[in-house]
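Notes follow the structure.
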Amino acid sequence: MSAVAHTPSATSAQSFAIRPFDAPLGAEIIGLDLTRPLSDEDFARIHRAHLDHALLVFRDQRITPEQQIAFSRRFGPLQIHVLRQFLLSNHSEIFIISNIIENGQPIGLGDAGKFWHSDLSYKELPSLGSMLLAQELPEEGGDTLFASQQLAYETLPAALRQAIDGKRAAHSYTARYADQVFAGVHRPTLTEAQLAEVKAVVHPVVRTHPETGRKGLFVNENFTTHILDVPEDESRQILAELYAHSARPEFIYRHQWQPHDLVFWDNRALIHLATGCPSQLRRRMHRTTIQGDAPF
């Protein structure tokens, strides 16, 4: 899906720099103020940089929920998360990721990202990308790892690449939903209506990026349950090999969060993992999720 700008071209351009990280992926945007209107020219630069680097870090963005939503919508329609109880009041497009407890209740999803995954790969139209805004950061921990699945595919051993050629895999939101990895974190029980929203879907094991044409792995340990049309034990073995390969250190960028960072990553090209932080340290992030196309 091509991103389309919606602001009038009369908006004046801003002066900002795009600095690639010394990493397999990612770049930071320095000097851009997302509280100001974004010109078509500036949006085009950002869109191109996002395709080139797969992840962008916009530093020091003191933006409102409305501004985060508006910027996210420049890239496409937004997806509303199935866990409605963790949506920001009056702004359902924003999903709260947090370990904070208020009045005995969690204000957000406390263990998001505990396994490697691509956001919403369990949907018929998985996410194009996610924007995560740091609202409150812990004094230690809380890093997020991102791994290029295009580099992973391009470096696959020949036999493994042949084994997945033309194959499809099933994805389910509930695949590991009840797994307890972080002590003391219990996920809310899904209602029948919520379960109906997240029925299993099937996608290619290798997807072609709709905007760049680059191929990448599109399976992940959080949501992928099995490869279709192969014996169960063979499916398990292939997936285990793919998962081990997909998170090799040479494919990974580690993001150490700074106050008011806005990170925008491409779920069509990356998987990510939250490293967690001590439970007594508060962490709160606001996520918008942009809808993508059906993988092919």
Per the 1/(1 + (r/R0)^6) rule, R0 = 35 Å and r from the Cβ atoms of Gln105 and Arg59, FRET efficiency to 0.05 is 0.60
Surface accessible to a 1.4 Å probe, per residue, for the residues of the range 1-116, Å²: 46
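Within 11 Å, Cβ to Cβ, of Asp119, how many net charges do the neighbouring residues add up to if Lys/Arg are +1 and Asp/Glu are -1?
On the way: positive: Lys123, Arg268, Arg287; negative: Asp266.
Surrounding charge for Asp119 is +2.
Counting Lys and Arg as +1 and Asp and Glu as -1, what is the net charge of the other residues whose Cβ lies under 13 Å from the Cβ of Ala269?
Values: positive: Arg207, Arg214, Lys215, Arg268; negative: Asp52, Asp119, Glu154, Glu211, Asp266.
With Lys, Arg at +1 and Asp, Glu at -1, the net is -1.
What is the dipole size for the range 190-241, taken about its Cα centre, with +1 at each Lys and Arg Cβ and -1 at each Asp and Glu Cβ, in debye to the nearest 20?
In debye, rounded to 20, the range 190-241 gives about 300.
Per the helix-only calculation at 222 nm, which mean residue ellipticity applies to the chain, given -39500 (n - 2.57) for every DSSP H run of n ≥ 4 and division by its residues, nearest 500 deg cm²/dmol? List each step's numbers first, then the result.
Values: 6 runs with 57 residues, N = 296.
Helices in the chain give a 222 nm mean residue ellipticity of -5500 deg cm²/dmol.
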Pick out which of Gly110, Gly31, Gly76 has the largest mean-square fluctuation in a Gaussian network model of the chain, springs linking Cα atoms closer than 10 Å. Gly31
Which percent of the accessible area of the chain is formed by carbon and sulfur heavy atoms (probe 1.4 angstrom)? 49
If you add up the charges near Glu154, with Lys and Arg at +1 and Asp and Glu at -1, over every other residue whose beta carbon is less than 14 angstrom from its beta carbon, what do you get? +4
Distance from the range 218-296 to the range 130-177 (C-alpha centre basis), Å: 3
Compute the projected area of the convex hull of the Cα atoms of the chain, averaged over all viewing directions, and report it in nm² to one decimal place. 15.4
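The values are calculated or read from the model by the stated rules, or taken from the named source; none is laboratory data. Treat the numbers as computed from the prediction; the structure is a model and nothing was measured. Glycine gets a Cβ as well: all are built from the backbone with ideal geometry, and neighbour counts include every protein chain shown. When the accessible area is computed, the model is the full protein with side chains, heavy atoms only, and any ligands, DNA or RNA have been set aside. Shrake-Rupley method; radii C 1.70, N 1.55, O 1.52, S 1.80 Å.
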